[in-house]
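Inspection log for the structure reproduced underneath, given as structure tokens.
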Amino acid sequence: MRRRRMLAAGALAAAAALALSSCGGSEPEESGEGGAGAESRGPITYVQGKDTPGQLKKIIDEGWNAKHPDQKVTFLELPESADEQRNAMVQNFTAKSAAYDVVGTDVIWTAEFAARGWLEELDEATFAGPDVLKPAVETGKYEGKLYAAPYNSNGGFLYYRSDLVKTPPKTWTELLQYCDTVAKPQGIGCYAGQFAQYEGLTVNASEAIASAGGELLTDSGKKVAVDSPEAREGLGFLADGFTKGYIPREAITFKEEESRRAFQQGQLLFLRNWPYVYGLANTKGPDTKIAGKFSVAPVPGKDGVGASTLGGYNIALSTYSKNKATAREFMQFLQSKEVQSQILTRESLPPILVSLYDDPALQQQIPYLSALKEALLAAKPRPASPNYNEVSLAVQKNAYAALQGQKSVDQAIKDMAGELERAAARN
Ligand code: GLC
């Protein structure tokens, strides 16, 4: 089923690539530095995962297309799941297709895509200036050079029903007390995150492991560190959730959107999810029963607040693009204060410009803004590796087996460590 979905996404991308490559555009000018099309302008395509908050097309049409009739941007959305997006992009790049000019790349793909020669190097002064969040810039680098420009950052929040819980839990022990005293009597599920087997589970498992003081790899991804009591406690918090019932059974199928819907329908007391949920859950209408009845807090941990996994998307320029001058200017537009404040206020996405977090008017409009900045600066990046996909699979597969009760937590951590050793050896 999963494989079929992946193939379907790939076929879709290939068809889109063919359709688009026959649409023309201005002829590429050959130039020395920067490769084909470095100085060319003309229509381009921007590709990223599904824009769940749904405002970006309008932002691009109004802010860019209306002003650049000869350099129009076609906005192409891929599926919601990061894994399916990566498959479509890998297919496109492997075919050396010029269909995607600017690609929205998850923070974890930079090393792989750059190592395979698919991304143009970017000028740091232009795309990673002093106002750009440092941790986000780091995710765009490979071997010391910038290949992807920050677009939106991301960190996990604990969403909680503020009509039912006055003080949000800082620790897992406090959270479990609320499961007994509030969720049970209310007849609702207590906690959920993203537990289907995909990148989101890698995020949730590494977040739980880090929140108990453990880590996956150390020494720039070269040394495996996961075989520890802390990692067992972290994964144990999630696995126990399923056996003891504080995580509802159906959460084993949750990705971001399924978990958001469950929370919005009032079926959960607590939800771990990204900031994009805030705006959607708070917009009164038939899709949400909890507008005005929830708030956000840092993710909880074993002995105090936990450590969120650093997420986010960067924008990168395909080596195969034929209109690279337009592409670079469009990327600057996406990083501009104008667009960055729109994605914050209209899409609830964490911007990458520090000055926006410190803006008093925005702080008033967005109650969680200062907390978000702190969370992003403290968030833990996932390992940077050209081999990241294999690293993530080792985590996803074994965490999933533990959550399903197919492996004990101890066995899952041992197997995870073994598979990470093999992946790290190839780094
Ligand atoms: C979010 C994050 C991204 C992460 C993904 C996992 O989109 O921004 O970094 O990999 O969720 O589902």
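The values are calculated or read from the model by the stated rules, or taken from the named source; none is laboratory data. All values derive from a computational prediction rather than experimental measurement. Positions of Cβ are generated from backbone atoms using ideal geometry, with glycine treated the same way; all protein chains shown enter the neighbour counts.
Please verify whether Ala379 is touching a Gly at 6+ places or on another chain (Cβ under 6 Å), aliphatic (A, V, I, L, M) and closer than 25 Å to Gln197 by Cβ, treating the condition exactly as stated. So that I can check it myself, show each step before the final result.
On the way: touching a Gly at 6+ places or on another chain (Cβ under 6 Å): yes; aliphatic (A, V, I, L, M): yes; closer than 25 Å to Gln197 by Cβ: yes.
When the stated conditions are applied, Ala379 passes them.
Name the single residue, out of those in segment 180-216 being farther than 14 Å from Ile252 by Cα and charged (D, E, K, R), that is nearest to the ligand (Cβ to nearest atom).
If we take residues in segment 180-216 being farther than 14 Å from Ile252 by Cα and charged (D, E, K, R), then Glu207 is nearest to the ligand (Cβ to nearest atom).
Taking the criterion of being crowded, with 23+ Cβ neighbours inside 10 Å and closer than 26 Å to Gln71 by Cβ, would at least one residue in segment 151-170 satisfy it?
Yes, segment 151-170 contains a residue that is crowded, with 23+ Cβ neighbours inside 10 Å and closer than 26 Å to Gln71 by Cβ.
For Glu84, only one of the following conditions fails: (1) assigned to a loop (DSSP other than H, G, I, E, B); (2) of a type in the set (D, E, K, R); (3) within 16 Å of the ligand (Cβ to nearest atom). What is its number?
(1)
Of the residues that make up segment 288-303, is at least one free of Cβ contacts under 8 Å to residues at least 12 places away in the same chain, among the acidic types (Asp, Glu) and either over 19 Å from Leu349 (Cβ atoms) or out of contact with any strand residue (DSSP E or B) (no Cβ under 6 Å at 6 or more places or on another chain) (or both)?
We begin by selecting, within segment 288-303, every residue free of Cβ contacts under 8 Å to residues at least 12 places away in the same chain; these are 291-292.
Applying the additional criterion that residues be among the acidic types (Asp, Glu) yields none.
Within segment 288-303 (the criterion being free of Cβ contacts under 8 Å to residues at least 12 places away in the same chain, among the acidic types (Asp, Glu) and either over 19 Å from Leu349 (Cβ atoms) or out of contact with any strand residue (DSSP E or B) (no Cβ under 6 Å at 6 or more places or on another chain) (or both)), the answer is no, since none of the residues qualifies.
For segment 254-335, give me every one of the strands (runs of 3 or more DSSP E) that falls completely inside it and has 2 or more residues that are closer than 20 Å to Ala192 by Cα.
Values: elements: 268-273, 295-297, 311-317.
Hits in segment 254-335: 268-273, 295-297.
Does Ile413 count as surrounded by 19 or more Cβ atoms within 10 Å (Cβ to Cβ), closer than 24 Å to Tyr198 by Cβ and either modelled with pLDDT of 95 or more or in contact with a Gly (Cβ under 9 Å, 6 or more places away or on another chain) (or both)?
yes
Across segment 213-253, what is the number of residues that are over 20 Å from the mean Cα position of the chain (by Cα) and assigned to a loop (DSSP other than H, G, I, E, B)?
The number of residues fulfilling the criteria is 13.
Being surrounded by fewer than 22 Cβ atoms within 10 Å (Cβ to Cβ), at pLDDT below 95 and closer than 21 Å to Ala114 by Cβ narrows it down to one of Pro367, Pro381, Pro386, so name that one.
Pro386
Restricting the first residue to segment 380-406 and requiring it to be among the aromatic types (Phe, Trp, Tyr), which pairs with a second residue that is part of a loop (DSSP other than H, G, I, E, B) and more than 16 Å from the ligand (Cβ to nearest atom) meet a Cβ separation below 9 Å and a spacing of at least six or different chains?
Tyr388/Gly221; Tyr400/Gln406
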